[in-house]
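Heads up: the structure comes next, in structure tokens.
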Amino acid sequence: MGLQNEVLCRLAARGSLFRVLFLSMIVMGLLIGAVFPFFVVALGLPSEMVFRPSFFGACVLAGLLVGEINYLLARFVLAIPLKNLAGMAERVASGDLKDGGDLFCSREL
């Protein structure tokens, strides 16, 4: 587990953590889209219909879109709290130890 944490810390320090997340989600979506037609054939649909370029391409495109949407969702959910956390860390590092509010949302909610 230590090596995994070290790799993630290095990626975050270089600012490429979201880039790696994007690429991994796109690759996973493409793989799922490419493998899905084989499962459809195993479920009983005729292979002549499933392996048409239009159906196969639609599956790969759907996988690509799912990967992109997952990335955007993860970025939306993680980016704001991470920016707030980085701001808090900078304030603490500069000696400002005042309570700056909650990490994830304002206290007025």
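The values are calculated or read from the model by the stated rules, or taken from the named source; none is laboratory data. Bear in mind that the values here come from a model prediction, so they are computed numbers and not experimental data. Cβ coordinates were reconstructed from backbone atoms using ideal geometry, including for glycine residues, and neighbour counts include every protein chain displayed.
List of remarks:
- Odd one out for Val27 among (1) part of a helix (DSSP H, G or I); (2) at pLDDT below 85: (2)
- Selection status of Asn5, under 30 Å from Ala89 (Cα atoms), surrounded by fewer than 15 Cβ atoms within 10 Å (Cβ to Cβ) and of a type outside the set (Lys, Arg): yes
- Residues that are under 30 Å from Phe39 (Cα atoms) and either surrounded by 14 or more Cβ atoms within 10 Å (Cβ to Cβ) or of a type in the set (D, E, K, R) (or both) within region 59-92 comprise Cys59, Val60, Ala62, Gly63, Leu64, Val66, Gly67, Glu68, Asn70, Tyr71, Ala74, listed in sequence order.
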